[in-house]
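Asker: Here it is, the structure, as structure tokens.
Since every read-out is calculated from the coordinates, none of them should be taken as a lab result. Model, not experiment: these values are computed from the prediction. Every residue, glycine among them, receives a Cβ derived from its backbone with ideal geometry; neighbour counts consider all protein chains shown.
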Amino acid sequence: MSRKTDRSKAIFQEAQRYLPGGVDSPVRSFRGVGGDPVVVASAAGSRITDADGNQYIDYCASWGPLILGHASQIVVDAVQAASKGLTYGAATEAEVELAKLVCGHVPSIEMVRFVSSGTEATMSAIRVARGFTGRSKIVKFEGCYHGHADGLLVQAGSGVATLSLPDSAGVPASYAAETLVAPYNDVDAVGALFERWGDEIAAVIVEPVAANMGVVPPAAGFLEMLRTFCSDNGALLIFDEVITGFRVGLGGYQASSGVMPDLTCLGKVVGGGMPVGAYGGRREVMHQVAPLGPVYQAGTLSGNPLAMAAGIATLTQLAQPGFYEALEVRAVRLSDGINAAIARHEVPACLSRVGSMMTLFFSDAPVTDYASARKADSERYARFFHGLLDAGVYFPPSQFEALFVSAAHTDADIDATIAAVDAALAAD
Ligand SMILES: *Cc1c(COP(=O)(O)O)cnc(C)c1O
């Protein structure tokens, strides 16, 4: 490795003394790929600069929010509102403006509540679904991530209709037992759960495009069947669009697929890089939320004025004509280049892409669910990742994450990335 990393190493050494694992969120620690994590000092446009002054073309994009790239001028300008106060804990016009944009763009959202993270959005949406239906069980899918709330950190049992065990220490088994798990894209498994527990299921929560086991698109008819199961059994359908919302288009994946959920969770892009989450849906359902209804949910910093300003600036930019078309052209340029490199070096790998998010799975079998995703070769991904890093390209530090193309990636960035991918695949 030719990069100078002395200062980054020193900072990370110290970090480990004060922060568990040296980080504030586990995957940042590079446990998935080995080696010392990049310690970021600054970022602009498509690039991050580390504490030693090395630059990288960034495709991790803070795990999704940065669809306009780093330090986008329009967003940076918006957060100059800081001089008018950092938080009021009171009603503002900005939150109304962002709510109007969200309700205007996302087809199934009539009312919305802002929170400060995607985790808060999903846990609140589930509480609303339970309050609305008077039921307690939820269905989630193996390999779908919905944040770190207790009942959502649950892995599948081995059988289809088995009750789940917690995926994390500290989650009571009794609580996890309220969560039923099915394999992603497995309609029959969901049917079996509804057959067994139909009148106890409050909601099905799903990433309409799975992006937390790597990018795995929904099979034809999968989301439609979830809609049908929920409608037929009096359960609510929750789309966790924390990644796909404003990423695959202004209306999220619900607009692309035409399948309308009862509740939608948002995060990441909607905050433009500030800590924002949101959940929303049909008026009748959102009327459950306090102070209108009996479902309590609150937040000291919810609707934070800087976060709202960043969200408004971002969504305004995304609504410019041609934005998503131009993003698609960039994403296709990158995916075509990566696919050509895979073919040239006859690598057992497949690139899974939905719009501007993609994952290069080191697997020759198609990836359709968590079980097939897990068959990908993580060690080979780790070597590939470090090859790219040494060449100045920062991919997500795990085989099971999505990479994101942003509006700040230039053709030159993408061509340099393709060359680095080609070299990394050739070297292995
Ligand atoms: C990132 C993510 C979350 C959690 O959001 P946080 O802001 O990290 O709490 C929830 N659901 C999905 C689909 C996500 O990708």
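Asker: Run the simple label-point estimate for Glu379 and Ser42 please: 7 Å along Cα→C-beta, distance reported in nm.
Answerer: Going by the 7 Å Cα→Cβ label model, 4.1 nm.
Asker: Continuing with the same structure: What is the packing order of peptides 78-91, 264-277, 393-406, taking the mean over residues of other C-beta atoms within 10 Å and listing the highest first?
Answerer: Most protected by this proxy first, the peptides run 264-277, 393-406, 78-91.
Asker: Between the alpha-carbon centers of segment 285-364 and segment 206-284, tell me the distance in whole angstrom.
Answerer: 12
Asker: If you bin the C-alpha pair distances of the chain every 20 Å from 0, what whole percents do you get?
Answerer: Per 20 Å bin, starting at 0, the Cα pair percentages come out as 26, 59, 15, 0.
Asker: If I take every Cα pair under 8 Å that is 6 or more residues apart in segment 240-280, average their sequence separation and divide by the length, what percent do I get for the relative contact order? Walk me through the numbers on the way to the answer.
Answerer: Values: 56 pairs, mean separation 16.3, N = 41.
About 40 percent, as a whole number.
Asker: Which ordering of Lys375, Lys140 is given by a fewest-first count of other beta-carbon atoms within 10 Å? Please report the intermediate quantities before stating the final value.
Answerer: Values: Lys375 12, Lys140 29.
In increasing order of surrounding Cβ atoms, one gets Lys375, Lys140.
Asker: For a protection proxy built on the mean count of beta-carbon atoms within 10 angstrom, sort 251-258, 364-371 highest first, please. Provide the component values of the computation, followed by the final result.
Answerer: Details: 251-258: 19.8, 364-371: 16.8.
The packing order, highest mean first, is 251-258, 364-371.
Asker: Taking neighbour counts of Cβ atoms within 10 Å as a proxy for exposure, in what order, fewest first, do Arg344, Arg374, Arg330 appear?
Answerer: Details: Arg344 11, Arg374 16, Arg330 19.
Result, fewest neighbours first: Arg344, Arg374, Arg330.
Asker: Hey, another quick one. Taking Cα pairs under 8 Å and at least six residues apart, what relative contact order does segment 1-147 come out at, in percent?
Answerer: Values: 98 pairs, mean separation 17.8, N = 147.
Averaging sequence separation for qualifying contacts and normalising by length gives 12 percent for segment 1-147.
Asker: Can you show me the helix-derived [θ] at 222 nm for the chain, built from DSSP H runs with n ≥ 4 at -39,500 (n - 2.57) apiece and divided by the number of residues, rounded to the nearest 500.
Answerer: Rounded to the nearest 500, the figure is -11000 deg cm²/dmol.
Asker: With the crude spin-label approximation of a point 7 Å out along Cα→Cβ, what separation in nm comes out for Ala219 versus Ala427?
Answerer: According to this spin-label approximation, the distance is 3.9 nm.
Asker: Still on this structure: Which cross-chain or sequence-distant (5 or more) residues have an amide H under 5 Å from the amide H of Thr368, H modelled 1.01 Å from N in plane?
Answerer: Close amide H contacts, sequence-distant or interchain: Ala373.
Asker: Peptides 290-301, 30-41, 113-124, 61-72: what's the order by average Cβ count within 10 Å, highest mean first?
Answerer: Top of the packing list down: 113-124, 61-72, 30-41, 290-301.
Asker: Order these by the 10 Å Cβ neighbour count, fewest first: Asp77, Asp422.
Answerer: The order, fewest Cβ neighbours first, is Asp77, Asp422.
Asker: Suppose the chain between Asp415 and Tyr175 were pulled fully straight at 0.36 nm per residue; how much longer would it get relative to their current alpha carbon spacing?
Answerer: 81.5 nm is the gain from fully extending Asp415 to Tyr175.
Asker: Further question on the same structure: If the cut-off is a Cα-Cα distance under 19 Å, which lysines reach Lys268, setting aside same-chain residues fewer than 8 apart in sequence?
Answerer: Partners found: Lys100.
Asker: Let me ask something else. Relative contact order for the chain: what percent, with Cα pairs under 8 Å and sequence separation of 6 or more?
Answerer: Taking the mean separation of contacting Cα pairs over the length of the chain, I get 22 percent.
Asker: For segment 1-127, state what percent of all Cα-Cα pairs lands in each successive 10 Å bin, counting from 0 Å until the bin that includes the largest distance.
Answerer: Whole-percent P(r) values from 0 Å outward: 10, 27, 32, 22, 8, 0.
Asker: While we're looking at this one, here's another question. Just for the chain, what percent of DSSP beta bridges are antiparallel, to the closest 5?
Answerer: 60
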